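Each remark here refers to the structure printed beneath this line.
The values are calculated or read from the model by the stated rules, or taken from the named source; none is laboratory data. Bear in mind the structure is a predicted one, so any value in this text is a computation, not a measurement. Virtual Cβ from ideal backbone geometry, glycine too; neighbours counted across all protein chains shown. Please note that ligands, DNA and RNA were not included when accessible areas were found on the heavy atoms of the full protein model with its side chains. Shrake-Rupley method; radii C 1.70, N 1.55, O 1.52, S 1.80 Å.
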Amino acid sequence: MSVCESLTIAVDITARHIMCKINSKDDASSKNNNRKMSSKSLNIDTLMELSPYVDGTDIATEAARSLLVEFLKSRKSVQDLFHTKTRSLKQEVKIDAYLFDFDYLARLYVCQTITQVSDPCKFYTMVDKKKVEEKIHELCDGLRWKKMGFALYTLVFPDIVKDSKTSISLRTFMEDNGELWASRIFSEVKSEQWLNRMLRRIIKGNYTESDYNRDMNVILLKLHLLDPKTVMPMYELLMRLKALPGLNLELATRNYLGGPLDCSLILPDIEAAIHKESLPVNVSRLSLNELDLYLGVEIIEFVTNEVKELGLWTGKTPQNKRVSKFKDRCAIM
């Protein structure tokens with residue numbers, strides 16, 4: 001069995017544990033254009049100002065979570081439950097299967113969503129909601145969740161984080177000369193002008209220690225992507241600047257994905273699967289007789305197979321049988 005499972009998604013970088021295969025001609029053209037403008041448009045001020053925080057929201061975290069949801073929907077154990085069309089996608093991303101147990105997470109994610117559907121057939125009674133919640137929180141509090149989150153975060157960061165005026169992204173700096181730009185960040189932070197600017201912001205009282213830690217960790221993350229070997233020297237430099245607040249290095253400790261995924265993102269798919277009607281084998285809808293219709297057959301199969309393996313099936317079955325009369329199946333034209 002292949003170590004990696006494929007997912008087509010609109011990102012275009014290679015990160016540790018993650019491989020990307022570019023299959024769009026437009027991307028090559030875009031890269032060439034970026035290189036042409038880089039020598040004229042790139043500057044240290046733009047690079048220093050690049051931040052994933054927009055109106056208090058970390059857009060890189062949101063993008064990483066969306067990427068994870070799309071990947072989970074593609075997992076073999078749950079993919080039959082998703083029939084809606086996905087957004088236009090440009091590239092194929094391969095995520096290392098050793099990075100995390102994605103099949104396990106996908107099944108838990110679907111289970112949690114099933115428990116949130118209030119349907120008259122009571123499909124939600126098939127799943128032990130309490131146990132599902134416990135297992136999800138156990139996963140999201142674990143070290144592997146943090147490692148996987150960091151990998152996805154650094155995957156989307158270079159393309160999602162852009163200058164608001166020029167739309168120049170960190171990707172452009174990485175492709176221009178990552179090591180050179182990393183050294184320029186280092187020189188900027190060592191300068192007396194930068195230190196004085198930081199001190200003025202802090203003295204004025206509108207720049208807290210929390211703000212400082214957030215922004216310095218963004219700088220360290222940019223260095224990690226531009227030239228990883230500069231991260232620790234920069235951290236040591238910042239720690240030597242006694243006039244500035246203390247710094248907590250978050251690269252190895254922060255939970256970049258945050259908590260459990262939002263069930264509302266796949267709720268329409270699960271509701272559609274629950275309300276999907278199925279006929280017994282060898283029975284035609286054109287029959288003049290009353291027909292027995294069964295709702296949510298794929299959901300039942302999922303629970304009695306995949307969910308049962310996890311010990312999360314309650315043993316209950318939904319009241320999913322419906323009688324369809326011939327007159328209800330006919331429409332007068």
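If you count only protein heavy atoms and use a 1.4 Å probe, how large is the accessible surface of M174, to the nearest 10 Å²?
Looks like 50 Å² after rounding.
Run the simple label-point estimate for E134 and D215 please: 7 Å along Cα→C-beta, distance reported in nm.
Here the modelled spin labels are 4.6 nm apart.
Provide the gained length on full extension for the span T57 to R240, in nm with one decimal, where the gain is 0.36 nm per separating residue minus the Cα-Cα distance. List each step's numbers first, then the result.
Working: separation 183, 0.36 × 183 = 65.88 nm, distance 3.01 nm.
Here the segment from T57 to R240 would lengthen by 62.9 nm.
Check each of the trypsin sites (Lys or Arg not before Pro) in segment 194-265 and keep only those in coil by DSSP with at most 12 other C-beta atoms within 10 angstrom; list them in order. Intermediate results must be reported in sequence, preceding the final value.
Details: sites: R197, R200, R201, K204, R214, K222, K229, R240, K242, R254; in loops: K204, K242, R254.
Hits after loop and neighbour filter: K204, K242.
Post the alpha-carbon centroid distance, segment 215-241 to segment 49-72, in whole angstrom.
Taking the Cα centre of each part, segment 215-241 and segment 49-72 sit 21 Å apart.
Considering only protein heavy atoms, what per residue accessible area in square angstrom results for segment 180-309 with a 1.4 angstrom probe? Intermediate values should be presented prior to the final figure.
Working: 7080 Å² over 130 residues.
Dividing the accessible area of segment 180-309 by its residue count gives 54 Å².
At 10 °C and a viscosity of 1.306 mPa s, what translational diffusion coefficient does Stokes-Einstein give for segment 100-212, taking Rh as the Kirkwood radius over Cα pairs? Give it in µm²/s as a whole number.
Estimated diffusion coefficient is 84 µm²/s.
For S169, which sequence-distant residues (separation of 5 or more, or a different chain) have an amide H within less than 5 Å of its own amide H, given hydrogens modelled in the peptide plane?
D163
Alpha carbon centre of segment 246-271 versus segment 99-177: separation in Å?
About 6 Å separates the Cα centre of segment 246-271 from the one of segment 99-177.
Calculate the FRET efficiency for K122 and K147 from the Cβ-Cβ distance with a Förster distance of 45 Å, rounded to the nearest 0.05.
On the way: r = 38 Å, r/R0 = 0.85.
Once rounded, the FRET efficiency stands at 0.70.
Bins of 5 Å, beginning at zero and ending with the bin holding the largest distance: percent of Cα pairs per bin for segment 195-265, please.
3, 14, 22, 21, 15, 11, 7, 4, 2, 0
Kindly state, to the nearest 0.05, the FRET efficiency for T253 paired with K316, given R0 = 41 Å and r defined as their beta-carbon distance.
Values: r = 42 Å, r/R0 = 1.02.
In this case the efficiency is close to 0.45.
Once phi is turned into ³J(HN,Hα) by the Karplus curve 6.51 cos²θ - 1.76 cosθ + 1.60 with θ = phi - 60°, what whole-Hz value does each residue of segment 248-263 show in order, with x for glycine and proline?
With coefficients 6.51, -1.76 and 1.60, one gets 9, 6, 9, 3, 9, 10, 6, 8, 5, 8, x, x, x, 5, 7, 5 Hz.
Using each residue's phi in segment 230-244, evaluate 6.51 cos²θ - 1.76 cosθ + 1.60 at θ = phi - 60° and report the 3J(HN,Hα) Karplus result to the nearest Hz, with x for Gly and Pro.
Ordered by residue, 3J(HN,Hα) equals 8, 5, 5, x, 5, 4, 5, 4, 5, 5, 7, 7, 5, 6, 9 Hz.
Kirkwood-based Rg over Rh for segment 138-291 (C-alpha set), two decimals?
Details: Rg = 24.8 Å, Rh = 19.6 Å.
My calculation puts Rg/Rh at 1.27.
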